[in-house]
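Inspection log for the structure reproduced underneath, given as structure tokens.
The values are calculated or read from the model by the stated rules, or taken from the named source; none is laboratory data. Everything numeric in this text was worked out from a predicted model, so none of it was measured. All Cβ positions, glycine included, derive from the backbone under ideal geometry; neighbour counts span all protein chains shown. In case anyone asks, the SASA skips ligands and DNA or RNA and just uses the protein heavy atoms, side chains included. Shrake-Rupley method; radii C 1.70, N 1.55, O 1.52, S 1.80 Å.
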Amino acid sequence: QVQFVESGGGLVQPGGSLRLSCVGSGYIFSIYAMGWYRQAPGKQRELVAAITDGGRTTYKEAVKGRFTISRDDAKNTGYLQMDSLKPEDTAVYYCNAVREIRATIVPIFAGSWGQGTQVTVSS
């Protein structure tokens, strides 16, 4: 059974930092790319960042230069370092294994989203 457990969210002031963690289980973590998504109230879930099994990264334009995605395959864990946070980054953040189909990155285990971790950026 595939599972994702996200953690590390919280309330932070604008300009602050958070580090999110995602533990994946029930599949071979190391051979898949992984991605971080977020969903703000009233909006669709969107991809924020992704990292391939070889370490190649891609970011949503709005977070480039502020967010850094990484992974530790020995721990089946992915990370999202978020710096210079803005109020518009407020959302629930999720992770999933991902793959690219016709130049679009899509979640592989779309039926197995975790509970997510809430990130709130507010003064």
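Before moving on, here are some points about what is shown:
- Electrostatic dipole magnitude of the chain [Cβ: Lys, Arg +1; Asp, Glu -1; Cα centre; debye, to 20]: 160
- Sparse-neighbour loop sites [trypsin sites (Lys or Arg not before Pro); region 1-47; at most 14 other C-beta within 10 Å; DSSP]: Lys43
- Protein-only accessible surface at a 1.4 angstrom probe places the residues Asp73, Asp53, Asp89 in the order Asp53, Asp73, Asp89, largest first.
- Ordering Thr68, Thr120 by accessible surface, largest first, gives Thr68, Thr120; the 1.4 Å probe counts only protein heavy atoms, with every chain in place.
- Within the straight-line cut-off of under 13 Å between alpha carbons, none of the aspartates and glutamates are reachable from Lys75, sequence neighbours fewer than 8 places apart in one chain being disregarded.
- For Lys86, the lysines whose Cα comes closer than 29 Å to its Cα, not counting residues fewer than 8 places off in the same chain, are Lys43, Lys60, Lys64.
- Accessible surface of the chain [probe 1.4 Å, protein heavy atoms]: carbon and sulfur percent: 47
- Ordered from highest to lowest accessible area with the whole protein assembly present and a 1.4 Å probe, Trp113, Trp36 read as Trp113, Trp36.
- Within-12-Å neighbourhood charge of Ile51 [Cβ basis; K, R +1; D, E -1]: -1
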